[in-house]
Amino acid sequence: MIQKEYTFDASYQPQVRTKTGTTNIMLDVIIALIPAMAVGVWQFGLKALLLIAVSVASCVFFEWGYRKLLKKDNSIGDLSACVTGVLIAMVIPVGAPWWMPIVGAAFSMVIVKQLFGGLGKNFLNPALAARAFLMASWPVIMTTWAVPAALSKVVDGTTMATPLSIMKAGEPLPDYFSYGNMLLGTMPGCIGEVSAIALLIGGAYLLIRKVISWRIPVSFIGTVAVITLLFPRHGGFFDVNWMLQNLLTGGLLLGAIFMATDYSSSPVTLNGQLLYGFGCGALTVLIRYFGGYPEGVSYAILIMNLCAWAIDKGTRSRQFGVSKEDLKAAKKAAKEAKAA
């Protein structure tokens, strides 16, 4: 009698492998940012393109230089430094000097990312941390907004207030800040935040490619929509115009779609992502209403980045087949073993 020999392959998890890797994901994010970059260059000129190029080159250089200095593997091929470089340029005004994205790149790549272990180990979004650092260091430059090309014949000057600044002062928006202009990007602001439709196109691409989940962006934007609809800052109740103005101005869409969804600094549990998005939205409105700056998206996301570990811990599900009694018994046994 011939016996067949069977082998069991107990390979390390995960057993399911796909062609999707870090480089593919980062490339998709760059592609999704192209519409917003194109609108930024269209509205603010070639200076915007220069800042983007300088920012990307600086991020790549600082990541390469740091890892070369410490004799670590070269990681610039995963394109994560390129994504951070684009996002840093997206969240600064076009009037910023050329050295500013270089300083932001050094802070984000070395301090925020590499000192904590590199990609996947940073607990803050590098681009937003760089923006907060630049805002604290050079607040005047970071809050000086150039007039977009389409409004150059309407506004007499080279700089102008953003819609959020006007709303913060309690004044009505001028007629040239129409919903159409907000969608197209004909308004002052950071390079990558002005066009709502360009950001929504990029977000749709990321959702179709399954790079991001809908939970964080929808809960983030939805929370801002509900709070601003029901509780307008000027008083009253149920103000649709106020809600739309808050959704289409500032960095809300850029932050909700491209920043808050960062894998390293956001929760991984499904319920945790909803809670995280809700927290980002609530803090954004709170800072916009009561903070010193008219915008609160970047600080809201950074605060929730610090809470992501606790959210994951509080929303993780039990292992399949493990009851509450089993968990209590395991905790009790662990305490007894530690005491012994």
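The values are calculated or read from the model by the stated rules, or taken from the named source; none is laboratory data. Fair warning: this is a prediction, and the values are worked out from it, not measured in the lab. All Cβ positions, glycine included, derive from the backbone under ideal geometry; neighbour counts span all protein chains shown. Accessible surface is based on the protein model in full, side chains and every heavy atom, while ligands, DNA and RNA are left aside. Shrake-Rupley method; radii C 1.70, N 1.55, O 1.52, S 1.80 Å.
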* Asked: How high is the relative contact order of the range 79-179, given as a whole-number percent (alpha carbon pairs under 8 Å, six or more residues apart)?
  -> 25 percent
* Asked: Relative to the present Cα-Cα distance, how much length would full extension add between Ser152 and Cys307 at 0.36 nm per residue of separation?
  -> 51.5 nm
* Value of relative contact order over the range 129-244, rounded to a whole percent, pairs C-alpha under 8 Å and six or more apart -> 15 percent
* To do: May I ask you to give the percent of accessible area on the range 221-340 that is carbon plus sulfur, with a probe radius of 1.4 Å?
  => 66 percent
* To do: Would you calculate a helix-derived [θ] at 222 nm for the chain, using -39,500 (n - 2.57) for each DSSP H run of n ≥ 4 and dividing by the full residue count, to the nearest 500?
  => -17500 deg cm²/dmol
* To do: Work through the residues other than Val94 whose Cβ is under 15 Å from its Cβ and net out their charges, Lys, Arg +1 and Asp, Glu -1.
  => +1
* To do: Would you mind checking the tilt of helix 297-315 against the longest principal axis of the Cα atoms of the chain, expressed as 0 to 90 degrees and rounded to 10?
  => 20 degrees
* To do: Using Cα pairs closer than 8 Å and at least 6 residues apart in sequence, work out the relative contact order for the chain, in percent.
  => 17 percent
* Asked: the range 145-210 to the range 213-280: how many Å between their Cα centroids?
  -> 18 Å
* **Förster radius 41 Å - calculated FRET efficiency between Thr144 and Thr23 (Cβ-Cβ, nearest 0.05)** => 0.65
* Asked: Given Gln43, Gly170, Ile303, which one lies farthest toward the positive end of the charge dipole of the chain, if we put +1 on the Cβ of every Lys and Arg and -1 on the Cβ of every Asp and Glu?
  -> Ile303
* Structure fact -> Once both label points are put 7 Å beyond Cα along the C-beta direction, the Ile208-Leu270 separation in nm becomes 2.5 nm
* Asked: Sequence-distant or interchain residues sharing an amide H contact under 5 Å with Glu193, placed H: which?
  -> none
* Label-reachable residues, the range 277-297, where backbone N falls under 12 Å from a point 7 Å from Phe231's Cα toward its Cβ -> 282-290
* **Helix 270-290 vs. the chain, principal-axis angle (Cα, 0 to 90°, nearest 10)** => 30 degrees
* Asked: Dipole magnitude of the chain about its Cα centre, charges +1 at Lys/Arg Cβ and -1 at Asp/Glu Cβ only, in debye to the nearest 20?
  -> 1120 debye
* DSSP-loop trypsin sites (Lys or Arg not before Pro) across the range 21-74, with at most 10 other Cβ within 10 angstrom -> Lys71
* Compute the separation of the alpha-carbon centres of the range 107-121 and the range 32-90 and state it in Å as a whole number. => 15 Å
* Asked: Which residues make up the longest stretch of the chain that has no chymotrypsin sites (Phe, Trp or Tyr not before Pro) in a DSSP loop with at most 15 other Cβ atoms within 10 Å?
  -> 13-97
* Structure fact -> So Lys331 and Tyr263, fully extended at 0.36 nm per residue minus their Cα-Cα distance, gain in nm 21.5 nm
* Structure fact -> Looking only at lysines whose Cα falls under 18 Å of Lys168's and that sit 8 or more positions away or on another chain, we get none
* Structure fact -> For the range 99-114, in residue order, the Karplus 3J(HN,Hα) values (coefficients 6.51, -1.76, 1.60; θ = phi - 60°; whole Hz; Gly and Pro = x) are 7, 5, x, 5, 5, x, 5, 4, 5, 5, 6, 8, 6, 7, 9, 6
* Can you spot the lysines whose alpha carbon is less than 20 Å from Lys331's alpha carbon? Ignore those fewer than 8 places along the same chain. => Lys313
* To do: Could you calculate the contour length gain from Lys68 to Leu286, that is, 0.36 nm times the residue separation minus the distance between their Cα atoms, to one decimal place in nm?
  => 74.2 nm
